[in-house]
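Participant: Handing you this structure, nothing more for now.
Here, each number is a calculation from the coordinates, and none is a lab measurement. Predicted, not measured: the structure shown is a model, and the values here were computed from it. FYI the Cβ positions are ideal-geometry reconstructions off the backbone, even for glycines, and counts take in every protein chain you see.
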Amino acid sequence: MDNILGLIGTITGVEGLLISVLVVRWQAKVQARSDRLSFLSDRIFDISIPRELRQPFYEEYISMKGNGTAVKFWLMEEKMQREKAQAV
């Protein structure tokens, strides 16, 4: 009986270890994606960088299914530039 309980405990422990490793890897991927989106949005908002040089960051942001204020800012900035060009 003790051997069976020991075997069950060992199997349960190994399963728990495997599950925790998988969860940590899943969380690491989510965190890496979040960090990358944050980096890209920082570049999109940095108006000290010319718009043409920020374009690849915006495209990657969109390709990663990024949305929100960075996309709104990009589109609003584009609209303002068009209006400014028409006024001149």
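Participant: With θ set to phi - 60°, apply the Karplus curve 6.51 cos²θ - 1.76 cosθ + 1.60 along region 22-37 and write out the HN-Hα couplings as whole Hz, x wherever there is a Gly or Pro.
Facilitator: 5, 5, 4, 5, 4, 5, 5, 5, 5, 5, 4, 5, 4, 5, 5, 4
Participant: Mind telling me which of 47, 62, 11 comes out most flexible in a GNM of the chain, alpha-carbon contacts under 10 Å?
Facilitator: Highest fluctuation among the options: 11.
Participant: Right, here's the next one. Considering only the other residues whose Cβ falls under 14 Å of the Cβ of residue 58, what net charge follows from Lys and Arg at +1 and Asp and Glu at -1?
Facilitator: In short, -1.
Participant: State the label only: which of (i) 18.0; (ii) 13.0; (iii) 16.7 corresponds to Kirkwood radius over Cα pairs in Å computed from the shown model?
Facilitator: Only one listed value fits the structure, namely (iii).
Participant: By the scheme Lys and Arg +1, Asp and Glu -1, what is the net charge of all other residues having a beta-carbon under 14 Å from that of residue 80?
Facilitator: +2
Participant: Starting at the first residue of region 52-64, write each ³J(HN,Hα) from the Karplus equation 6.51 cos²θ - 1.76 cosθ + 1.60 with θ = phi - 60°, in whole Hz, x for Gly and Pro.
Facilitator: Going residue by residue, I get 4, 7, 7, 3, x, 5, 5, 4, 5, 4, 5, 5, 8 Hz, with x marking Gly and Pro.
Participant: A follow-up question, please. When the Karplus curve 6.51 cos²θ - 1.76 cosθ + 1.60 is applied with θ = phi - 60°, which whole-Hz ³J(HN,Hα) does each residue of region 74-88 get, with x for Gly and Pro?
Facilitator: Those phi angles translate into 4, 5, 5, 4, 4, 4, 5, 5, 5, 5, 5, 5, 6, 6, 8 Hz.
Participant: If you don't mind, another one. Which of the trypsin sites (Lys or Arg not before Pro) found in region 1-67 are loop residues per DSSP with 15 or fewer other Cβ atoms within 10 Å of their Cβ?
Facilitator: When the trypsin sites (Lys or Arg not before Pro) of region 1-67 are filtered for loop state and at most 15 Cβ neighbours within 10 Å, 65 remain.
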